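Below is one structure, written out as structure tokens; comments come after it.
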Amino acid sequence: MNVLQFSISYSLNSDTIDSDMAEALVKAGHKVCALSMDPKFNSKEGEIHNKNGVEVLCVKTGAVQKVSKYKKGVNFLMLPRIVKKAVQKHWGNNSFDFILFEAPPVTLQSVIRWAKNKFNCPAYLMQKDIFPQNAVDLKFFGKRSLAYAYFRSQEKKMLKASDFIGCMSQANIDYIRKHNPYLNPECVEYFPNTKFIKPKKEENKADIRKKYSMPQNACIFLFGGNMGKPQNVEIICKAMDYFNKDNSVFFLFIGSGTDANVLKKHIKDTPITNALFLDYMPRDDYEKILRACDVGLISLNPNFTIPNYPSKILSYMECSIPVVASLDLNTDYGKLLQEDAKCGYWSDASKPEEFIANLKKMSQNLENAREMGLNGRKYLEEHFDVIKSVKILEGHFLK
């Protein structure tokens with residue numbers, strides 16, 4: 001198969017879910033042309049690179065991650081013109097069997113419809129965040145606003161342009177079907193977040209903890225990745241307050257985002273004596289530190305009405321790290337943690353006392369925590385190997 005893939009998170013320098021997908025398709029004998037959108041690239045017209053057999057077209061666009069809501073909105077609007085021009089220039093004479101893309105951004109729908117017509121092929125949507133409803137939940141704009149009306153119309157066009165819509169969980173499937181009754185429900189299906197699973201690797205925890213000035217004998221909670229309004233960092237601050245000066249517990253933060261400074265300021269001003277914030281680092285370094293930690297943290301905003309399904313759990317599972325999660329009540333993420341994978345605890349995001357109780361329970365029984373971590377690794381190997389996603393796509397488009 002010849003595949004045209006669009007992504008806002010494809011990276012030439014590190015592995016992502018999108019790059020794993022493309023490279024897995026190549027390993028299965030298919031050809032992939034992946035367009036990557038990133039403000040750090042050099043040219044709006046695009047530059048071709050090869051990464052592990054994938055032909056990657058790197059196009060400079062405005063930032064749509066870890067920026068203000070206004071800047072994100074404007075840059076979303078400018079994406080289609082830039083992307084369409086780059087595809088036409090570099091791949092205009094190619095032929096493709098299907099288009100693989102993700103949402104958001106919903107404004108890419110005009111490019112998808114154009115590409116479907118130009119290359120005469122179907123499109124598969126990997127549904128991630130449900131926008132614009134998530135922006136309404138976070139009070140970025142109201143449901144009666146012009147912004148919502150515009151982006152909702154874009155979302156509908158995107159969904160209608162998709163021949164298949166892959167969702168990360170059953171709750172996501174149910175939500176898409178319920179709120180978009182004009183869709184053929186059989187075209188909305190389960191398509192999990194998956195990745196290449198690396199072999200198990202042991203790190204010298206003592207050396208890593210010493211390198212980053214972390215205590216040797218404490219239970220280290222890691223909160224990594226994006227830190228914005230969706231992550232509800234306020235509940236993390238309350239947990240730090242509760243455990244402040246407790247030498248048996250340590251909080252490590254690695255990442256960035258619009259609310260990263262909230263955490264940094266809280267650590268500095270309180271002050272919190274058992275916490276450390278590290279900015280972005282290469283993926284390999286992040287995973288080394290992760291393997292030296294004891295528990296991974298996940299936090300979602302309690303106001304969400306959409307069933308979010310954070311992908312950071314894949315890294316925790318891969319490194320055999322159990323999870324403590326604070327979740328809204330509309331996601332089925334907690335079922336994955338406590339019932340399916342048995343790799344962690346979850347609590348209602350509106351009840352910080354329950355989150356803190358789960359942190360205590362995990363930190364006071366590290367032997368049980370390690371067993372949960374092994375459960376997560378086993379579940380990952382059985383359910384979230386990227387080859388499972390390849391098989392789903394081949395089932396639809398391989399002829």
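The values are calculated or read from the model by the stated rules, or taken from the named source; none is laboratory data. Bear in mind the structure is a predicted one, so any value in this text is a computation, not a measurement. All Cβ positions, glycine included, derive from the backbone under ideal geometry; neighbour counts span all protein chains shown. Only protein heavy atoms, including side chains, enter the accessible area calculation; ligands, DNA and RNA are left aside. Shrake-Rupley method; radii C 1.70, N 1.55, O 1.52, S 1.80 Å.
Data for the structure
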read-out: Residues (touching a strand residue (DSSP E or B) at 6+ places or on another chain (Cβ under 9 Å) and not in a helix (DSSP H, G or I)) located in the range 359-381; value: Gln364
read-out: Residue list for the range 18-43, filter: in a loop (DSSP other than H, G, I, E, B) and either touching a residue at least 60 places away in the same chain (Cβ under 8 Å) or surrounded by 20 or more Cβ atoms within 10 Å (Cβ to Cβ) (or both); value: Ala28
read-out: Residues that are charged (D, E, K, R), more than 14 Å from the chain's Cα centre (by Cα) and modelled with pLDDT under 95, drawn from the range 281-314; value: Arg283, Asp284, Asp285, Glu287, Lys288, Arg291
read-out: Close pairs from the range 1-15: first without any contact (Cβ under 8 Å) to a residue 60 or more places away in the chain, partner open to solvent by less than 20 Å² (accessible area, probe 1.4 Å) and β-branched (Val, Ile, Thr), Cβ under 8 Å, at least 6 apart; value: Tyr10/Val56; Leu12/Val56
read-out: Verdict on Leu183 being aliphatic (A, V, I, L, M), open to solvent by 10 Å² or more (accessible area, probe 1.4 Å) and within 30 Å of Ser153 (Cβ to Cβ); value: yes
read-out: Some residue of the range 273-284 being part of a helix (DSSP H, G or I) and among the hydroxyl-bearing types (Ser, Thr, Tyr); value: no
read-out: Selected residue (only one of Asp294, Asp328, Asp285 is among the acidic types (Asp, Glu) and within 25 Å of Leu138 (Cα to Cα)); value: Asp328
read-out: Cross-chain or 6+ apart pairs with Cβ under 8 Å, the range 113-129 first and touching a residue at least 24 places away in the same chain (Cβ under 8 Å), then polar (S, T, N, Q) and in a helix (DSSP H, G or I); value: Gln127/Asn172
read-out: Filter pass, Lys198 being assigned to a loop (DSSP other than H, G, I, E, B) and either in contact with a His (Cβ under 7 Å, 6 or more places away or on another chain) or not polar (S, T, N, Q) (or both); value: yes
read-out: Residue in the range 44-67 that is open to solvent by 10 Å² or more (accessible area, probe 1.4 Å), part of a helix (DSSP H, G or I), modelled with pLDDT under 90 and farther than 19 Å from Phe119 by Cα present; value: no
read-out: Options Leu183, Leu252; residue that is out of contact with any His (no Cβ under 8 Å at 6 or more places or on another chain) and part of a strand (DSSP E or B); value: Leu252
read-out: Pick from the range 333-369, criterion touching an Asp or Glu at 6+ places or on another chain (Cβ under 9 Å) and in contact (Cβ under 8 Å) with a residue 60 or more places away in the chain, ranking: most open to solvent (accessible area, probe 1.4 Å); value: Leu366
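Quick grid of which residues meet (1) in a loop (DSSP other than H, G, I, E, B); (2) open to solvent by less than 30 Å² (accessible area, probe 1.4 Å); (3) touching a helix residue (DSSP H, G or I) at 6+ places or on another chain (Cβ under 7 Å); (4) farther than 30 Å from Glu23 by Cα:
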{"residue": "Arg177", "(1), (2), (3), (4)": "no, no, yes, yes"}
{"residue": "Asn193", "(1), (2), (3), (4)": "yes, yes, yes, no"}
{"residue": "Arg209", "(1), (2), (3), (4)": "no, yes, no, yes"}
{"residue": "Ser213", "(1), (2), (3), (4)": "yes, no, no, yes"}
{"residue": "Asn217", "(1), (2), (3), (4)": "yes, no, no, yes"}
{"residue": "Leu222", "(1), (2), (3), (4)": "no, yes, yes, no"}
